[in-house]
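In what follows, a single structure is set out as structure tokens and then discussed.
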Amino acid sequence: MTLYSRTHARRAIFHTVGYRAISQVATPLSYVVLVRGLTEQALGVYSLLYSVIPVVATIASFGLDQVLKRYQPEFLQTGNLSGSRWLLQRVAVARLASSAALIALLLLCWNVVAPLFHLTAHRAEFLLFSLVVLLYFQTLLLQSSLASQMLQRYSVGSAALLALTKLGAYTLLWKSGQFTLRSAILADALAYGATFMFLVVASRVVHAAAPKQMPYRPSAEDKARFRRYAIINHFSDVGSLLLYVQTDNFFIAALMNPIAVGAYAFYARLNEMTANLIPIRLFENVVQPVLFAIPPLEARERLPRYFSLLINLNLIFQLPLIAYTVVYHREIVQLIFAGKFIGYSGLLPLIVALAISENVVSIPVTMIAQYTEKVSIILKSQLFGLYQVVAMLLLIPLLGLYGAAIATGTLHLFRNLYVWWHVRSYARWLNYREALASALMVWTGAIALGFLVKGVLHLSAIWALSSGVLICCAASLLYVRTAALSVTDRDILGRVMHGRESDVLRWLGVLRCASGT
């Protein structure tokens, strides 16, 4: 049985669902405690510090993360376990060195850089946060490596461990009255440290059980291939710095203040947590190695089918989020977060709606470009970051935080359209007419019904939110029974999810068409 067989994919999906369910509960709860425990000023500074991660992720990347994701499945598919270990070790050491070097440079330039973003008084917190940054990247690499080996019980399980540790630490700090900016960062460092050690032990257990092989020595051709892919991806990563929503915080801090950063980061974080429900986010570590293992001779036939399936599945989850936040954004903030930043609650549906390009399209399109090794297209697409700089400088003074959301949302739209145009022969949405018609019919009706029920019955926040859940669940059950999922989509899902879970999916309407074909 090959590593990337349907059986292994199915098992990986179940491990992903199980552990993601834990983290999807623990992460929002820990964020609720964080928002309630920190002051608005502290939350703004905390958000700015976390905006450093994308800076280190891009400038110090050297394409290392992408090389590991792209080529480790190739080694594993051919049974070259020593090559897989060699690649992981080289990438991990190089990533640690590059990240540490950039952090050291930021500390040396602190008195020049920090005043621009109102962070001058927080050098000690940044120094402590540097430990979080280093552990963050080493953790990601080990998670990626284990996912490539279809060991999601470890890679996704570690994410659940991280979320639970954060929740426990935050709760203790909150109950003891010791919740400060510094203690929150220390809790994060503890959580990432525990997660990293878990992954190290898991990796060693897996390697010890693997057959012994001769040490891998890359050929000159392989070295050139790795180097070329790394260099192009490095420049692509550097260019993508402006694509991260956290980068918006630097513009807002410079043009407004840390409290405004806290408000914007709050709503962006709510969008990010809900976006983690999108299937491609949940199962990226399963889909990516399977897709990269497709033989080139089968790509032209199989890639459009997989691309359509991913788009259609993503929409099943993204559209209810848009509908729900459009109707109930104020009630969400009022009930769950004690009304903090409620004056900006209109940001939530705007950010969620504009995120449809990033949440639904970006990852499938990027995977297709990476599979076809057209990473130069991804690199060129980063030039749209120049548009965002201009849009931020124009729209923030004019529209405030709403201007920042519009600038970022349209940036992702233009960039993803550009990448898609260059891989459109593979990235074809086969049933787009039927899917869009179904979406318009079902979800405009759901939004109208939500406003009607809330307005006529004058419900309290908790009952309004509860009625919205019922409306969106009913609309989702209707939506999956329409042509939003094609026959091909249902056939692929039926072949992968062929166990007892198929009865549940058939009851939901997902496999209704496939069962009759």
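For this structure, a couple of remarks:
- Furthest towards positive pole of dipole, 426, 173, 339, structure part the chain, Cβ charges: 426
- Centre separation in Å (Cα based) which lies between the range 166-221 and the range 15-88: 11 Å
- Solvent-accessible surface of protein heavy atoms, probed at 1.4 angstrom with all chains present, puts 374, 212, 340 in the order 212, 374, 340, largest first.
- The range 369-506 shape via C-alpha gyration tensor axes, a/c threshold 1.5: oblate
- Each part gets one Cα centre, and for the range 364-391 versus the range 332-351 those centres are 32 Å apart.
- Convex hull volume of the C-alpha atoms in the range 307-449, normalised per residue: 121 Å³.
- Of the accessible area of the chain, computed with a 1.4 Å probe over protein heavy atoms only, carbon and sulfur atoms account for 69 percent.
- What the chain shows is 44 Å² of accessible area per residue, with the surface traced by a 1.4 Å probe over protein heavy atoms.
- Along the axis of the charge dipole computed for the range 42-150 (Cβ charges of +1 for Lys and Arg, -1 for Asp and Glu, origin at the Cα centre), the listed residues 113, 126, 101 are led at the positive end by 101.
- Computed packing ranks the peptides 159-170, 390-401 as 159-170, 390-401, most packed first, by mean other Cβ atoms within 10 Å.
- Cα pair distances exceeding 14 angstrom across the range 175-217, given as percent: 68 percent
- Extension gain, residue 393 to residue 214, is 58.8 nm, computed as 0.36 nm per intervening residue step minus the present C-alpha separation.
- With a Förster radius of 35 Å applied to the beta-carbon distance between residue 176 and residue 463, the computed FRET efficiency rounds to 0.55.
- Length-normalised contact order for the chain - Cα pairs under 8 Å, 6+ apart - percent: 20 percent
- Note on the chain: with charges restricted to the Cβ of Lys and Arg (+1) and Asp and Glu (-1), its dipole about the Cα centre is near 980 debye.
- Per-residue HN-Hα couplings for the range 454-471 [Karplus 6.51, -1.76, 1.60; θ = phi - 60°; Hz; x = Gly/Pro]: 5, x, 6, 8, 6, 6, 5, 4, 5, 6, 5, 5, 5, 5, x, 4, 5, 4
- Per-residue Karplus couplings for the range 297-313, computed as 6.51 cos²θ - 1.76 cosθ + 1.60 with θ equal to phi - 60°, are listed in order as 5, 9, 5, 5, 8, 8, 4, x, 5, 5, 4, 4, 4, 5, 4, 5, 5 Hz, Gly and Pro entered as x.
- Cα gyration tensor shape of the range 342-405, rounded if a/c is under 1.5, else prolate or oblate by comparing a/b with b/c: oblate
- Net +/- balance of residues flanking residue 188 in space, Cβ distance below 12 Å, scoring K and R +1, D and E -1: +1
- ³J(HN,Hα), Karplus 6.51/-1.76/1.60, whole Hz, each residue of the range 413-424, x for Gly, Pro: 4, 5, 5, 5, 5, 5, 5, 4, 4, 7, 10, 5
- Other residues within the sphere of radius under 14 Å centred on the Cβ of residue 38, judged by their own Cβ, net out at +2 (K and R +1, D and E -1).
- Equivalent ellipsoid semi-axes - Cα gyration tensor, the range 290-355, angstrom: 39, 10, 9
- Cut-off 13 Å between beta-carbons: net charge of the residues surrounding residue 415, Lys and Arg +1, Asp and Glu -1: 0
- Rg/Rg_ref, the chain, where Rg_ref = 2.2 N^0.38 Å and atoms are Cα: 0.97
- Global size of the range 3-153: 18.8, 55 Å for Rg and Dmax (C-alpha atoms, Rg to one decimal, Dmax whole).
The values are calculated or read from the model by the stated rules, or taken from the named source; none is laboratory data. In this text the structure is predicted, and so the values were computed from the model without any measurement. When we count neighbours, we look across all protein chains shown, and the Cβ atoms used for this are built from the backbone with ideal geometry, even at glycine. Each accessible area value is taken on the protein alone, full model and side chains, heavy atoms only, with ligands, DNA and RNA left out. Shrake-Rupley method; radii C 1.70, N 1.55, O 1.52, S 1.80 Å.
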